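Asks: My structure is below; once you've seen it, I'll send some questions.
The values are calculated or read from the model by the stated rules, or taken from the named source; none is laboratory data. Only a predicted model underlies this, so the values are computations on that prediction, with no experimental measurement involved. As a convention, Cβ positions derive from the backbone with ideal geometry for all residues, glycine included, and neighbour counts pool all protein chains shown. Surface areas here come from the heavy atoms of the whole protein model, side chains and all, with no ligands, DNA or RNA. Shrake-Rupley method; radii C 1.70, N 1.55, O 1.52, S 1.80 Å.
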Amino acid sequence: MPADERARMDLKLLPVEASADERAAVATVFESPSEVPNTDRVAREGLTEAKARRHLLLPALHAVQKAVGWISQGALNEICRRLIVPPAEAYGVASFYAMFSTTARAPRVAHVCDDIACKLAGADAMCATFERTIGPPGTPSADGRATWLRSPCLGLCERAPAVLFQLAGSKNADDDTIAPATVDEIEQVLNGATVPAPAVGSTPQTSGTREPGLRLLRRVGVADPTSLSAYRAAGGYDALGRAIEIGPAQAITEVSVSKLQGRGGAAFPTGRKWDAVAKAAETPRYIVCNADESEPGTFKDRVLMEEDPFAIVESMTIAGFAVSAERGYLYVRGEYPLATARLEGAIRQCRADGLLGADVMGKGFVFDIELRRGAGAYICGEETALFNSIEGFRGEPRNKPPFPVEKGLFGRPTVINNVETLANVLDIVLEGGAAFAGVGTDQSTGSKLFCVSGAVERPGLYEVPFGTTLAALLERAGGVAEGRRLATVLLGGAAGTFVSPAHLDTPLTFEGTRAIGASLGSGVVMVFDEAADMRDIVLRIAAFFRDESCGQCVPCRVGTVRQEELLQRLARDGARPSPAAEADLLDELARVMRDASICGLGHTAANAPQSAVTMGLFGGTGHE
Amino acid sequence: MSSQTAATPMIDVTVDGEVVQVPEGATLLDACRTKGADTPTLCYLETLTPVNVCRVCVVELEGSRTLVPSCSRAAYHGAVVETDSPRVRHSRKLVLELLASTVDLSRASGDVKRWMDRYDVDTARFGPAAAPGERDGRDPGHHHASDGATAETVAQPVKIHDEMYVRDYSKCILCYRCVEACGEDAQNSFAIAVAGRGFDARISTEFDRKLDQSACVYCGNCIGVCPTGALVFKSEYDHREAGTWDEAKQNVTRTVCPYCGVGCNLELHVQANEIVKVTSPMDHSVTQGHLCIKGRFGWQFVQNRGSE
Ligand SMILES: Cc1cc2nc3c(=O)[nH]c(=O)nc-3n(C[C@H](O)[C@H](O)[C@H](O)COP(=O)(O)O)c2cc1C
Ligand code: SF4
Ligand code: SF4
Ligand code: SF4
Ligand code: FES
Ligand code: FES
């Protein structure tokens, strides 16, 4: 008996059958052209076919969620039967993600963002309306066809307030977003209307008179993001051509010389990663593009993917060429339907044109890309959690070491880079690492995308050279509205820190922000004027970490709960026994989370709340 | 470490200022134990793959920005470790406080109580415990924020669904041991897994189905590894509820399981002529503490026959 059959017989399935729709949905993941043939993976990695199929779990769950709106027992059963996954484990995975429902749910769902930027733009009032008209989150509408839920930041903060629709059961209605959204528009879509096209752009520097000198945003608003020929006409694929000319080793050298540092938050030198993977003894190797962007306040990668998707495909191909990886995975945040569609289109066109596949550009090397959708879990942006997610396991971070360059995706040497990091590689290869290093400062080279949102005149994505001061950046965004006063800026996102107006002259560099005890994080610059209810904002951040902790380790799983409880007491003037004592307890919680948590989520979960309390933004602690 | 031979090269690790020698491949925990430093552990078990999730075993490792879990971090020649620095004491204390304020630890081992005393654990600082509630089927990414007046816990109704055993997840510290024992590390049944996310993460079968409708084969291996009494034999649970559980009056007899030829060692715990539970010695080369349904529960038939 083949090992596969034996494994299937060992599996104890649920005594529940799937519906025809559910079965058909599961079948689609075996047909998808973007999937690596299983036999390929089995042969190369020496896995049993059962294990080699596990990575289809997330796509299969997505397919069912999309077809019927939730994951029933029958559907899970069908998935387990076809993928040979134990039902308890599949349930553990399905119940990990916010975009999957393991209980019956209405097919049309509005995920209404009530996170920071949307709060500032009136999201709470919108939610209050839905509480009144539909009922508490999750309540089905009168006809049972629709419902609404609250959502963490949807990465559309520059156009807040935002909403994401998950539209199940209809082949011609894909998930979609509206930003800025109104109650009326949301209600219409819930009632069956199609989603209106966005009217506002996200990059003020490219609207009206185009700002000169843009690098990462060079093609935004210039080249049609749905057309490969437009991309090529705008210089696309010159960089890959150049990389092939100089060869893999020199390509890595250029990246090292450029001093490019990761834009995903950790600022790790990219050249070091590439070099380590290129020198790894083990094969196969993998390239992973981290496009899970879920840090509240961050939308830079979304804009790049939506407006310049071919650049991501090209830069991943260069990375693959440089480190001799034949396969790349592009893990896109589940809440990014437009970015997903654009990237899928780009991959398809590049494959058709021989820019991906068995003989890239006719130069005899192999590289292809699989796109994977996340499903609503901030933690899956953490690199090792992302690997587990792709592999079909719960998105729990792994203990490091070993690091991804040694044991990454499928346990193999892996380069994982952020979208913006990769986008920089094109210029580095074209103009040389030294020229690239000439932009910005000595320790922070190149230009940087900043996600400016909140109380400024022109929120949006801004590209500036490293070293631009916070004040200069805010000025570009039009500053705070007439007659309002700047209260504070949240730098680096929910995992970052609040900084006071006294720090406006801080140069926006890795080293400059470090010097004031802050960090650039993912490039979030969220602006608050004195009208903002900072208690409410900080409580939202605390709730976010409590919701997004994977739950694996005690300091973070329980620490984020205790932190939220503590801040609730402070906010309600119920401090025990005194506000100062609560501030001390917060420090104690912060210390254990920072010191003993497994991953960066726990390490940073107390940053923003602690800085708010210290700065007296929270009130009630006797600091004002 | 038991399998290390004299041929294994030894490496030097400095623990609290004293150099100790451990074989290559040892962990920092091995080094701490060699030095005699009483290092708390909760999720770690010799016979299971380390998951390093509880974080109570953390130590300060020179050159590392954060503390590291000693149970899983490989020792290396020249490593310098502090096990009793203020940072280490603080994190261990807080980990134990966070757990003890959340989980019913009344049935945890004497070791746990000793560590709680040593680190001055005070759960009152987080406020009185919130009311118990259902925890299955909570939605990932959503929760109702409390007003902070009480401390949320995992207290929930006990699961008694059959005559074999009881799952009292109010006592669960989410150490993953049962999941590992049920899965790859021993049983290969994969009947239980972690479901949900964050504070709402929990041990569950698919859709929280009852065990007898799941892949469970009642090997009891999960009970054998549970450190907090969350998983218990029904017989033990009933005695405890009735107030008749008395370990002082129990005799433990070692025997070889009669059901098949594998030769598993059994420990029969007998109280007043009644077998109240069956365990298996962790150090036994065949079983490593694991059994199957026959060895673990087969005595029920013996007893039932006797009382007919
Ligand atoms: C909780 C958490 C979430 C993260 N989310 C992202 C993300 O969405 N995108 C990203 O590129 N990096 C994210 N990171 C950082 C990644 O772990 C990793 O450092 C990064 O992908 C490396 O790419 P880079 O070197 O190009 O920055 C996250 C880290 C943590 C701890
Ligand atoms: S720190 Fe939080 S998110 Fe990271 S592994 Fe621990 S519980 Fe999971
Ligand atoms: S009794 Fe055995 S099969 Fe059942 S849950 Fe426990 S370890 Fe798994
Ligand atoms: S039930 Fe017991 S063994 Fe399982 S995770 Fe909870 S405490 Fe650990
Ligand atoms: S989209 Fe709502 S806060 Fe970012
Ligand atoms: S014993 Fe080391 S992390 Fe739990």
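Asks: Check region B:90-105 and report whether any residue there is over 25 Å from B:Arg202 (Cα atoms) and acidic (Asp, Glu).
Replies: no
Asks: Is there a residue in region A:26-38 that is open to solvent by less than 10 Å² (accessible area, probe 1.4 Å), more than 23 Å from the chain's Cα centre (by Cα), at pLDDT 90 or above and within 13 Å of chain B (Cβ to nearest Cβ)?
Replies: Scanning region A:26-38 turns up no residue that is open to solvent by less than 10 Å² (accessible area, probe 1.4 Å), more than 23 Å from the chain's Cα centre (by Cα), at pLDDT 90 or above and within 13 Å of chain B (Cβ to nearest Cβ).
Asks: Mind checking which pairs have a first residue in region A:508-529 that is more than 14 Å from every other protein chain (Cβ to nearest Cβ) and outside any loop (DSSP other than H, G, I, E, B) and a second that is more than 16 Å from ligand 3 (Cβ to nearest atom) and of a type in the set (Asp, Glu), Cβ under 7 Å, 6 or more apart or different chains?
Replies: Taking only residues 6 or more apart or on different chains, the pairs are A:Val524/A:Glu295.
Asks: Checking the conditions here, which among A:Ala142, A:Ala121, A:Ala125, A:Ala146 is touching a residue at least 12 places away in the same chain (Cβ under 8 Å), open to solvent by 40 Å² or more (accessible area, probe 1.4 Å) and out of contact with any Ser or Thr (no Cβ under 8 Å at 6 or more places or on another chain)?
Replies: A:Ala121 is the lone residue from the list that is touching a residue at least 12 places away in the same chain (Cβ under 8 Å), open to solvent by 40 Å² or more (accessible area, probe 1.4 Å) and out of contact with any Ser or Thr (no Cβ under 8 Å at 6 or more places or on another chain).
Asks: In region A:584-624, what residues are within 13 Å of another protein chain (Cβ to nearest Cβ) and over 32 Å from the mean Cα position of the chain (by Cα)?
Replies: A:Asp584, A:Gly620
Asks: Could you tell me which numbered condition A:Ser578 fails, if it satisfies all but one of (1) farther than 15 Å from A:Ala495 by Cα; (2) more than 7 Å from chain B (Cβ to nearest Cβ); (3) open to solvent by less than 10 Å² (accessible area, probe 1.4 Å); (4) of a type in the set (Gly, Ala, Ser)?
Replies: Evaluating A:Ser578 over (1) farther than 15 Å from A:Ala495 by Cα; (2) more than 7 Å from chain B (Cβ to nearest Cβ); (3) open to solvent by less than 10 Å² (accessible area, probe 1.4 Å); (4) of a type in the set (Gly, Ala, Ser) leaves (3) as the failure.
Asks: Say whether the condition of being polar (S, T, N, Q), open to solvent by 20 Å² or more (accessible area, probe 1.4 Å) and part of a helix (DSSP H, G or I) is met by at least one residue in region A:327-342.
Replies: No, there is no match, as no residue in region A:327-342 is polar (S, T, N, Q), open to solvent by 20 Å² or more (accessible area, probe 1.4 Å) and part of a helix (DSSP H, G or I).
Asks: Sticking with this structure for a sec: I need a count of the residues in region B:50-67 that are farther than 18 Å from B:Met116 by Cα, more than 9 Å from chain A (Cβ to nearest Cβ) and open to solvent by less than 40 Å² (accessible area, probe 1.4 Å).
Replies: Of the residues in that region, 2 qualify.
Asks: For the condition more than 14 Å from ligand 4 (Cβ to nearest atom) and surrounded by fewer than 24 Cβ atoms within 10 Å (Cβ to Cβ), what is the one hit in B:Lys159, B:Lys210?
Replies: It is B:Lys210.
Asks: Among residues belonging to region A:76-90 that are out of contact with any Cys (no Cβ under 9 Å at 6 or more places or on another chain) and open to solvent by 10 Å² or more (accessible area, probe 1.4 Å), point out the one that is farthest from the other protein chains (Cβ to nearest Cβ).
Replies: The extreme case among them is A:Arg82.
Asks: Any idea which residue in region A:155-173 is nearest to the chain's Cα centre (by Cα), counting only those that are closer than 25 Å to A:Ala67 by Cβ and hydrophobic (A, V, I, L, M, F, W, C)?
Replies: A:Leu164
Asks: Suppose the filter is over 23 Å from the mean Cα position of the chain (by Cα) and surrounded by fewer than 24 Cβ atoms within 10 Å (Cβ to Cβ); does A:Arg562 pass it?
Replies: no
Asks: Can you name every residue in region B:139-167 that is in a loop (DSSP other than H, G, I, E, B) and within 14 Å of ligand 3 (Cβ to nearest atom)?
Replies: Correct list: B:His161, B:Asp162, B:Glu163, B:Met164.
Asks: Then there's this: Report yes if some residue within region A:432-452 is closer than 24 Å to A:Gly297 by Cβ and among the acidic types (Asp, Glu); otherwise report no.
Replies: no
Asks: Since A:Ser151 meets every condition but one in (1) more than 14 Å from chain B (Cβ to nearest Cβ); (2) at negative phi; (3) touching a residue at least 60 places away in the same chain (Cβ under 8 Å), which condition does it not meet?
Replies: (1)
Asks: Shifting gears a bit: Just one of B:Thr14, B:Thr27, B:Thr34, B:Thr47 is more than 24 Å from A:Pro555 (Cα to Cα), open to solvent by 20 Å² or more (accessible area, probe 1.4 Å) and either within 14 Å of chain A (Cβ to nearest Cβ) or without any contact (Cβ under 8 Å) to a residue 40 or more places away in the chain (or both); which is it?
Replies: Within the list B:Thr14, B:Thr27, B:Thr34, B:Thr47, the selection yields B:Thr34.
Asks: Got at least one residue in region A:412-426 being more than 12 Å from ligand 1 (Cβ to nearest atom), outside the structural domain of A:Thr509 (by TED's automatic domain parsing) and either among the aliphatic types (A, V, I, L, M) or open to solvent by 10 Å² or more (accessible area, probe 1.4 Å) (or both)?
Replies: Checked region A:412-426: at least one residue is more than 12 Å from ligand 1 (Cβ to nearest atom), outside the structural domain of A:Thr509 (by TED's automatic domain parsing) and either among the aliphatic types (A, V, I, L, M) or open to solvent by 10 Å² or more (accessible area, probe 1.4 Å) (or both).
Asks: Among the residues of region B:162-207, count how many are at the interface with another protein chain (Cβ under 9 Å from one of its Cβ atoms), open to solvent by 30 Å² or more (accessible area, probe 1.4 Å) and at pLDDT below 95.
Replies: Number of matching residues: 2.
Asks: Suppose the filter is open to solvent by 20 Å² or more (accessible area, probe 1.4 Å), of a type in the set (Gly, Ala, Ser) and more than 27 Å from A:Arg150 (Cβ to Cβ); does B:Gly224 pass it?
Replies: It is true that B:Gly224 is open to solvent by 20 Å² or more (accessible area, probe 1.4 Å), of a type in the set (Gly, Ala, Ser) and more than 27 Å from A:Arg150 (Cβ to Cβ).
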